[in-house]
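K.L.:
Would you mind keeping the following structure in view while I ask a few things?
The values are calculated or read from the model by the stated rules, or taken from the named source; none is laboratory data. Please read these numbers as outputs of a predicted model, since none were measured by experiment. Positions of Cβ are generated from backbone atoms using ideal geometry, with glycine treated the same way; all protein chains shown enter the neighbour counts. We work out accessible area using only protein heavy atoms, side chains counted, and drop any ligands, DNA or RNA first. Shrake-Rupley method; radii C 1.70, N 1.55, O 1.52, S 1.80 Å.
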Amino acid sequence: MKTEISYRFATSQIANRFLHELKDWPVNQVKTRLFNGGDSVKVSYDYDESGFDYTLAELDDLAQQHGGKEV
């Protein structure tokens, strides 16, 4: 199942840092793109249906480290 979530950051520079950190992210393979003027990042990934999927919790934690909020 495909899952998609978006995060907004204070600046486009911070959004880019978050996006680049996800390029080599070890938790799950994710696809990312900037949107909304460059200060937001949309993340999509395949939900692991074999058990509890920690991907969303890990994404939330990483975004919070960069001052991001889910939108």
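K.L.:
If each of E49 and Q13 carries a label point 7 Å out from its Cα toward its Cβ, how far apart are those two points in nm?
P.N.:
Between E49 and Q13, the simple spin-label model gives 4.4 nm.
K.L.:
Here is a follow-up. Work out the count of Lys pairs in the chain where the Cα-Cα distance is under 15 Å, with the pair 8 or more places apart or on different chains.
P.N.:
6
K.L.:
Related question: Counting heavy atoms of the protein chains only and a 1.4 Å probe, report the per residue accessible area for the chain as a whole number of Å².
P.N.:
Result: 65 Å² of accessible area for each residue.
K.L.:
Sum -39500 (n - 2.57) across every DSSP H segment of at least 4 residues in the chain, then divide by the residue count to get the 222 nm mean residue ellipticity, nearest 500.
P.N.:
Result for the chain: -10000 deg cm²/dmol, rounded to the nearest 500.
K.L.:
Could you run the Karplus curve 6.51 cos²θ - 1.76 cosθ + 1.60 with θ = phi - 60° over segment 2-12 and give me ³J(HN,Hα) per residue in whole Hz, x for Gly and Pro?
P.N.:
Karplus values, whole Hz, x for Gly and Pro: 7, 10, 9, 9, 10, 10, 10, 10, 5, 9, 5.
K.L.:
What translational diffusion coefficient, in µm²/s and rounded to a whole number, does the Stokes-Einstein relation yield for the chain at 25 °C and a viscosity of 0.890 mPa s, taking the hydrodynamic radius as the Kirkwood radius over Cα pairs?
P.N.:
The diffusion coefficient I find is 203 µm²/s.
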